[in-house]
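Worksheet for the structure shown next.
The values are calculated or read from the model by the stated rules, or taken from the named source; none is laboratory data. Predicted, not measured: the structure shown is a model, and the values here were computed from it. Neighbour counts are summed over all protein chains in view; Cβ atoms, including those assigned to glycine, are modelled from backbone coordinates with ideal geometry.
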Ligand code: A3P
């Protein structure tokens with residue numbers, strides 16, 4: 001079926017084994033879902049999808065999209081975790097079958113690249129927003145996350161992890177292939193490409209673009225309230241988005257909402273490693289894709 005098992009010794013034996021499938025590295029416990037269920041998942045035109053490489057600011061974008069599409073009903077958002085109101089398609093919880101049967105309008109998160117998404121996506125054309133983040137901060141955030149999750153043991157240090165990231169041997173890698181697939185489709189009418197750095201630099205302008213794409217209007221005071229609600233410090237202490245419910249379950253020590261900065265990589269990566277990331281980004285530049293990393 002085209003699934004190749006990978007041995008990445010730096011991920012200890014207690015870790016989920018990796019597989020390579022159609023050029024992407026996936027945790028082996030989701031690969032069956034990705035191969036057998038996701039291609040046939042029934043897409044609806046009124047779905048709203050958030051797609052990303054892990055740690056790109058997915059949760060931040062999910063909360064923005066959810067509120068824009070739900071009349072800024074903060075009480076409703078607060079009442080249920082983001083995992084329940086905006087489920088993770090390929091993850092065991094709540095599971096692809098539950099998502100398939102959810103009443104409309106559905107909000108769906110996935111870390112799968114476009115080439116592994118349901119076949120009906122092109123036909124039903126739901127609104128899809130892809131968020132990308134500069135790879136250096138993405139790698140640092142992903143390493144911190146890897147240390148936090150209970151089902152993965154990483155035996156190396158940050159530099160080792162960054163090297164695997166550049167080689168494409170981390171979950172959902174290679175990063176540049178994932179991002180490029182989305183970038184190449186950015187002009188399709190039902191696809192919007194945004195970056196973590198855009199949200200940082202110009203939250204209001206980016207959110208207005210998102211609302212326009214979602215065909216929703218928002219007043220100045222609604223935008224102001226959303227900006228406050230989605231600030232890093234409020235999201236960090238918001239128990240419906242900060243994944244505190246997974247503490248002691250999927251997560252051990254550490255915080256999901258870690259630093260929320262652009263450029264934190266400077267505290268973690270050597271200049272030699274930074275050069276390797278720059279080479280990866282430079283390889284994307286002929287397509288017009290650029291990243292800000294400070
Ligand atoms: P850091 O680990 O660099 O802090 P994802 O949701 O895709 O897993 O991404 C998580 C990253 O987005 C984490 O990055 C997290 O802190 C950051 N993030 C989440 N909400 C944010 C917000 N409101 N403002 C800035 N960064 C945010």
Quiz item: Considering only residues of segment 238-247 that are assigned to a loop (DSSP other than H, G, I, E, B) and more than 11 Å from the ligand (Cβ to nearest atom), which is nearest to residue 93 (Cα to Cα)?
Solution: 240
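Residues that are farther than 19 Å from residue 106 by Cα, assigned to a helix (DSSP H, G or I) and away from the ligand (no atom under 16 Å from the Cβ): does segment 35-51 have at least one? Steps first, please.
Let us first name the residues in segment 35-51 that are farther than 19 Å from residue 106 by Cα, namely 35-36.
Now narrow it down to the ones that are assigned to a helix (DSSP H, G or I): 35-36.
After this cut, where a residue has to be away from the ligand (no atom under 16 Å from the Cβ) as well, the list is 35-36.
Among the residues of segment 35-51, at least one is farther than 19 Å from residue 106 by Cα, assigned to a helix (DSSP H, G or I) and away from the ligand (no atom under 16 Å from the Cβ), which makes the answer yes.
Results for (1) in a loop (DSSP other than H, G, I, E, B); (2) within 13 Å of the ligand (Cβ to nearest atom); (3) touching a helix residue (DSSP H, G or I) at 6+ places or on another chain (Cβ under 9 Å); (4) without any contact (Cβ under 8 Å) to a residue 40 or more places away in the chain, shown as yes or no for each residue.
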| position | (1), (2), (3), (4) |
| --- | --- |
| 109 | no, yes, yes, no |
| 115 | no, no, yes, no |
| 118 | yes, no, yes, no |
| 130 | no, yes, yes, no |
| 136 | no, yes, yes, no |
| 141 | no, yes, yes, no |
| 156 | yes, no, yes, no |
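On the given criteria, is residue 179 in contact with a strand residue (DSSP E or B) (Cβ under 6 Å, 6 or more places away or on another chain) and either at pLDDT 95 or above or assigned to a helix (DSSP H, G or I) (or both)?
Working: in contact with a strand residue (DSSP E or B) (Cβ under 6 Å, 6 or more places away or on another chain): yes; either at pLDDT 95 or above or assigned to a helix (DSSP H, G or I) (or both): yes.
Yes, satisfied.
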Quiz item: Got a number for residues in segment 22-49 being buried (at least 19 other Cβ atoms within 10 Å of the Cβ) and over 13 Å from residue 90 (Cβ atoms)?
Solution: 4
Exercise. Considering only segment 186-229, state which residues are part of a helix (DSSP H, G or I) and closer than 18 Å to residue 290 by Cα.
Key: 196, 197, 198, 199, 200, 201, 206
